[in-house]
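What follows is a set of notes on a single structure, which appears directly below.
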Amino acid sequence: MTIYLVEDDAAIAEALAEHLRSWGYSCFVAEDFRDITGEFQRIQPHLVLLDLILPFYNGFHWCQEIRKISQVPILFLSSASDNLNILMAIQMGGDDFLAKPFDRNILVAKVQALLRRAYDFAPNPEVLTCGPLRLRLQDGVVEREGRSAALTRNELLILRVLLENRGRIVSRDRLMQRLWETDSFVDENTLTVNVARLRKTLASVGAETLILTKKGMGYLIP
């Protein structure tokens, strides 16, 4: 599950991001505080952690902008935790509010609760399925109707992201960001090669048409 962290204090942002990653979440920290909505659309997160006091526009503004295009859970994080700000955060479309300073494990608990509520998500499934196709996460093997094939690390990650977002277009930028979290550098050409290899592997088990390309947008498993 992907989390978008909008926090302008670099030290706090990195500490929170590392803690969330240690719990198995993919966490991206905001970089362009003039275009939070644009970053949000590129990352396509499952949840937003949103500071209230930010450069250029405050968290209330960005919450309203995100709500114009998505119902993704939004958790406000702020030291400005008086009742008026908490009330406004909820009225602007926020789902919860956590006052700074806070225990990081309390943050994780709130994140888990919001994700369960929004997606009914069972953490760390051992197998992902799509019709007769099964992806075994523990050993990186894909199976379909008696045939199986082993995936490379990058093939496994790409297929996992696409299956976890089945029915939604996953942008090339998002896939590259996920792959950048591993030890290997991934650019546009590398991603193209890995998707082509994944399609070849899927073809070996009779699933050559599983992944659709949406030109200029990304990839989709319908």
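The values are calculated or read from the model by the stated rules, or taken from the named source; none is laboratory data. Everything numeric in this text was worked out from a predicted model, so none of it was measured. Ideal geometry is used to build each Cβ from the backbone, glycine not excepted, and the neighbour counts take in all protein chains shown.
Give me a count of the residues in the range 110-126 that are at pLDDT below 90, surrounded by 12 or more Cβ atoms within 10 Å (Cβ to Cβ) and either among the hydrophobic types (A, V, I, L, M, F, W, C) or more than 30 Å from Leu87 (Cβ to Cβ) (or both).
6
Do any residues in the range 16-36 that are more than 26 Å from Tyr57 (Cα to Cα) have Cβ atoms under 7 Å from those of residues that are among the charged types (D, E, K, R), where the two are at least six apart or on different chains, and which pairs are they?
His19/Arg104
Anything in the range 197-222 that is surrounded by 16 or more Cβ atoms within 10 Å (Cβ to Cβ) and part of a strand (DSSP E or B)? List them, or say none.
Gly218, Tyr219, Leu220 - these are the residues of the range 197-222 that are surrounded by 16 or more Cβ atoms within 10 Å (Cβ to Cβ) and part of a strand (DSSP E or B).
Need the failing condition index for Leu84 against (1) within 18 Å of Phe28 (Cβ to Cβ); (2) surrounded by fewer than 20 Cβ atoms within 10 Å (Cβ to Cβ), just the number.
Leu84 satisfies every listed condition except (1).
Every residue, every condition in (1) assigned by TED's automatic domain parsing to the domain that holds Val111; (2) modelled with pLDDT under 90; (3) in a helix (DSSP H, G or I), yes or no:
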residue	(1), (2), (3)
Ile66	yes, no, yes
Ser70	yes, yes, no
Phe76	yes, no, no
Ala80	yes, yes, no
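Ile12 fails exactly one of the following numbered conditions: (1) at pLDDT 90 or above; (2) surrounded by fewer than 21 Cβ atoms within 10 Å (Cβ to Cβ); (3) within 14 Å of the chain's Cα centre (by Cα). What is the number of that condition?
Every listed condition holds for Ile12 apart from (3).
Confirm whether Ile90 is within 23 Å of Glu18 (Cβ to Cβ), assigned to a helix (DSSP H, G or I), over 18 Å from the mean Cα position of the chain (by Cα) and not polar (S, T, N, Q).
no
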